[in-house]
Structures are given as C-alpha cells and as structure tokens.
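The values are calculated or read from the model by the stated rules, or taken from the named source; none is laboratory data. Source: prediction; values computed, not measured. Cβ sites come from the backbone with ideal geometry, for glycine too, and all protein chains shown count toward neighbours.
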C-alpha cells in the first residue's frame with residue numbers, strides 16, 4: 001500500500017458537486033493498493049499513520065499523534081499513487097490492485113482507523129471526486145509498505 005497523509009486544518013470531498021465528507025483539524029489520507037497487498041498491510045498502515053507524531057505539542061514540536069490530538073481523518077481511495085510514468089506520456093496504472101481487491105483493503109484500512117478511535121469520513125471508491133485539502137505546516141508524509149513496513 002502507498003499512503004500519502006497530509007496534516008490539515010480542514011479537508012473535504014465532493015462527488016457530482018455534492019459535499020459527502022468534510023473534516024476539521026486532522027489528516028487527509030490518500031490510499032493506494034497494490035496487487036500483492038493483504039489485510040496485514042492495511043492494518044499496519046492504519047496503525048502506523050494514526051500513531052505518527054506529526055502534530056505539534058505545547059512547545060511547537062511535532063510530538064503528538066492523530067490519536068493524541070483527537071484529530072479527524074478524511075480517507076480517499078487513490079489508485080493513481082501507483083502510476084508508472086517511465087514510458088511514454090500516458091501513465092500506466094498496472095501496478096494498482098484490481099478494483100475489487102483494492103476496495104476491500106481500502107475499506108479495511110478505514111475500518112481500522114475508526115477502531116482506533118478516530119472520526120473518519122471517506123470518499124466514494126472509484127468515483128470522480130473533488131478533494132479539497134488545506135495542508136497545515138505544510139506536513140505531508142508518504143508511507144509505502146514495499147519499503148517502510150518491517151519484515152516485508
């Protein structure tokens with residue numbers, strides 16, 4: 001899985017011009033799934049991202065996690081994180097999981113974030129979405145289970 005998480009002051013998602021989810025302070029999390037990903041990757045990334053200390057403490061140091069600050073999460077499926085741009089001018093997305101497999105792991109990821117105590121809003125899997133992100137900091141973190149996950 002590839003995760004792009006941005007610390008936000010607010011974020012929202014709309015489908016067909018209708019707002020379907022919005023959050024205040026927290027994280028906007030873009031989720032891409034690879035064909036080889038399993039439940040193990042979904043659970044690991046959900047635990048890891050909610051525990052990352054990327055929020056400021058009283059001294060202005062990034063020392064608090066999403067859990068510790070009581071932030072919210074907007075979780076968006078994003079197969080384009082697996083774009084291969086090495087050949088030609090049109091990216092290939094053959095590195096992304098099939099829609100059925102990807103949707104199941106995306107939903108498991110979101111469910112695990114909720115189970116950890118985070119208020120979650122989501123987009124619509126496979127839909128054309130308009131995502132607004134007000135990046136705070138800016139702070140943007142990329143997690144890739146292919147390189148970041150222990151014992152992969």
message: For the structure I just gave you, tell me whether residue 117 is within 15 Å of residue 27 (Cα to Cα), loosely packed, with under 13 Cβ neighbours inside 10 Å, touching a helix residue (DSSP H, G or I) at 6+ places or on another chain (Cβ under 8 Å) and in contact (Cβ under 8 Å) with a residue 12 or more places away in the chain.
response: yes
task: Answer yes if at least one residue in segment 59-79 is farther than 30 Å from residue 136 by Cβ and touching a strand residue (DSSP E or B) at 6+ places or on another chain (Cβ under 9 Å), and no otherwise.
output: no
task: Being in contact with a strand residue (DSSP E or B) (Cβ under 8 Å, 6 or more places away or on another chain) and over 30 Å from residue 53 (Cβ atoms) is the filter; apply it to segment 5-16 and report the residue that is surrounded by the most Cβ atoms within 10 Å (Cβ to Cβ).
output: 14
- line: Checked segment 80-105 for anything in contact (Cβ under 8 Å) with a residue 60 or more places away in the chain and in contact with a strand residue (DSSP E or B) (Cβ under 9 Å, 6 or more places away or on another chain); matches are 81, 82, 95, 96, 97, 102, 105
query: Which one is farthest from residue 44 (Cα to Cα) among residues in segment 120-136 that are touching a helix residue (DSSP H, G or I) at 6+ places or on another chain (Cβ under 7 Å) and not in a strand (DSSP E or B)?
result: 126
- prompt: Restricting the search to segment 41-67, which residues are within 17 Å of residue 120 (Cβ to Cβ) and surrounded by fewer than 20 Cβ atoms within 10 Å (Cβ to Cβ)?
  reply: 43, 47, 48, 51, 52, 65, 67
- line: In segment 21-40, residues that are assigned to a loop (DSSP other than H, G, I, E, B), buried (at least 16 other Cβ atoms within 10 Å of the Cβ) and touching a strand residue (DSSP E or B) at 6+ places or on another chain (Cβ under 9 Å) total 3
message: Considering only segment 69-83, I want to know if a residue exists there that is over 13 Å from the mean Cα position of the chain (by Cα), modelled with pLDDT under 95 and either surrounded by fewer than 20 Cβ atoms within 10 Å (Cβ to Cβ) or farther than 26 Å from residue 146 by Cα (or both).
response: yes
task: Of the conditions (1) over 16 Å from residue 43 (Cβ atoms); (2) in contact with a strand residue (DSSP E or B) (Cβ under 8 Å, 6 or more places away or on another chain), residue 113 clears all except one; give me its number.
output: (1)
message: Here's a check for you: in segment 120-146, which residue that is surrounded by 16 or more Cβ atoms within 10 Å (Cβ to Cβ) and more than 14 Å from the chain's Cα centre (by Cα) is farthest from residue 34 (Cα to Cα)?
response: 136
statement: Per the list (1) touching a helix residue (DSSP H, G or I) at 6+ places or on another chain (Cβ under 9 Å); (2) exposed (fewer than 15 other Cβ atoms within 10 Å of the Cβ), residue check on residue 90 breaks on (1)
message: Just checking, does segment 2-20 include any residue being closer than 16 Å to residue 118 by Cβ and not in a strand (DSSP E or B)?
response: no
